[in-house]
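Asker: Structure below; questions to follow.
The values are calculated or read from the model by the stated rules, or taken from the named source; none is laboratory data. Note that the structure is a prediction, hence the values are computed from the model and not measured. Don't worry about glycine lacking a Cβ; one is built from the backbone with ideal geometry, like all the others, and counts go over all protein chains shown. When the accessible area is computed, the model is the full protein with side chains, heavy atoms only, and any ligands, DNA or RNA have been set aside. Shrake-Rupley method; radii C 1.70, N 1.55, O 1.52, S 1.80 Å.
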Amino acid sequence: IYLIYAVVNVEQLSQRTRILTKFIRVAEELIHLNNYNGLFEITSALNSAPIHRLKKTWACVPSRFITQFERMTLLTSRDGNHLALRRTLINIAPPAIVYFLFSIFHSFNFWLFFMYFNIDFNANFYLFFILIILNVFQSHT
């Protein structure tokens, strides 16, 4: 929400363009740091309706940043059950900060575990949650 506010709150076109390019650079750096959770946050904010509708601002963004942003959008796309992200995660060197919900809720073991043991969300949930997190990180290393 901060990113959306930071862009939309500025009235001058040149400042808005500068803010957009800065956040695209930050997202590019997050890719280099293997921080895919932060990448998801920035790309989803930049693809949100309030920012997506700023046609004049996007027209002033240099083409190399537009190309980078399109590549990031493809990487965070939900197409093929996050196929681009899964392929990227296979080829990166750890450590990595993966998109949290992607890691947990796309793990087939997660659902089998909960269905098999018929676990409800009580005090034992936290123990099982830690076990699941360890399983996810182990599968990415």
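Asker: If you go through region 25-39, how many residues are part of a helix (DSSP H, G or I) and either touching a strand residue (DSSP E or B) at 6+ places or on another chain (Cβ under 9 Å) or open to solvent by less than 20 Å² (accessible area, probe 1.4 Å) (or both)?
Answerer: Summing the residues that are part of a helix (DSSP H, G or I) and either touching a strand residue (DSSP E or B) at 6+ places or on another chain (Cβ under 9 Å) or open to solvent by less than 20 Å² (accessible area, probe 1.4 Å) (or both) in region 25-39 gives 7.
Asker: What pairs can you find where one residue is in region 53-79 and in contact (Cβ under 8 Å) with a residue 24 or more places away in the chain, the other is exposed (fewer than 11 other Cβ atoms within 10 Å of the Cβ) and assigned to a helix (DSSP H, G or I), and their Cβ atoms are less than 9 Å apart, with a gap of 6+ or different chains?
Answerer: Hits for this filter: 58/52; 60/14.
Asker: Taking region 34-54 as the region of interest, how many residues are of a type in the set (S, T, N, Q) and more than 18 Å from residue 94 (Cα to Cα)?
Answerer: Of the residues in region 34-54, 4 are of a type in the set (S, T, N, Q) and more than 18 Å from residue 94 (Cα to Cα).
Asker: Turning to a different aspect of this structure: Only one residue in 20, 54, 85, 30 is within 12 Å of the chain's Cα centre (by Cα), under 28 Å from residue 8 (Cα atoms) and not small (Gly, Ala, Ser). Which one?
Answerer: 30
Asker: Next up: Taking helices (runs of 4 or more DSSP H) that do not extend beyond region 47-106, which have at least 3 residues that are at pLDDT 85 or above and open to solvent by less than 90 Å² (accessible area, probe 1.4 Å)?
Answerer: Passing ranges, in order: 49-52, 55-60, 63-75.
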